[in-house]
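Step one of this worksheet: look at the structure below.
No lab work stands behind these numbers, since they all come straight from the coordinates. Since the structure is predicted, the reported quantities are computational estimates derived from the model, not experimental observations. All Cβ positions, glycine included, derive from the backbone under ideal geometry; neighbour counts span all protein chains shown.
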Amino acid sequence: MSKEKKSIDFAPRTLGAGLVHKKDLILAAILAAFGALIYYEAGKFPPAPEILGEIINAEVFPKILVVLLIFLVAIIPFEFKITPVKVDEIDKDRGEKVLPITWITIAVLLSIVAAAEFLGAVLTMFVVCLTVPIVWGEKNYVAVAIYAIVFPAFVYLLFNTLLGLYFNPGLLEFIK
């Protein structure tokens, strides 16, 4: 058998050939704008609870994550130069139609987020943990129910009880 030599192909035949990949540049610009908005919003966070001490600064930590996100986003338009072998496959996949379950999931999550202020943090987590697996076709309803109860309870106990972070009670406020 003869070994075929693979030449390095910097994807001149793909969309966006040149210095940057055009679709990736558009995606990166959208993500960078989102990151800038989140960075701005992170400046409005309240001070961290005393229990956290100097470990986590509530003003700095989210900003660090957003800056990291922006640095990673900056790589996206140039990625096709780094991994030229995968470019054809990636571009081919982009041409395929988005599956309906994607749009259904987006609609479900946007509906839940719209009701989050009313539901409160714990009930919102519960509803997400309950509905998303069912929308995706999970048939083991007992496992979904256990997950929908245990995960929000664990998050609440960890962040509210141990770390002292405030969770909007929403509907749970009326149970007291």
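Quick look at the values:
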{"read-out": "Kirkwood-based shape ratio for segment 67-158, expressed as Rg/Rh from alpha carbons", "value": "1.13"}
{"read-out": "Cα convex hull volume per residue for segment 98-148 (Å³)", "value": "59 Å³"}
{"read-out": "Spin-label model distance (nm) - TRP136 vs PHE71, 7 Å beyond Cα toward Cβ", "value": "3.0 nm"}
{"read-out": "Simple spin-label estimate for THR83 and GLU117 in nanometres, 7 Å along Cα-Cβ", "value": "4.0 nm"}
{"read-out": "Trypsin sites (Lys or Arg not before Pro) restricted to segment 89-147 and DSSP loop, no more than 14 other C-beta within 10 Å", "value": "LYS97, LYS139"}
{"read-out": "Karplus-derived HN-Hα couplings along segment 106-117 (A = 6.51, B = -1.76, C = 1.60, θ = phi - 60°), whole Hz, x at Gly and Pro", "value": "4, 4, 4, 5, 5, 5, 5, 4, 5, 8, 4, 4"}
{"read-out": "Amide hydrogen neighbours beyond the local backbone of LEU165, cut-off 5 Å, H modeled", "value": "ASN160"}
{"read-out": "Calculated FRET value between ILE90 and TYR166, using beta carbons and R₀ = 41 Å, to 0.05", "value": "0.45"}
{"read-out": "Segment ALA29-ALA145, extension gain: residue separation times 0.36 nm, minus the distance between their alpha carbons", "value": "37.8 nm"}
{"read-out": "Residue-span extension gain [TYR39 to ILE175] - 0.36 nm each, minus C-alpha spacing", "value": "45.4 nm"}
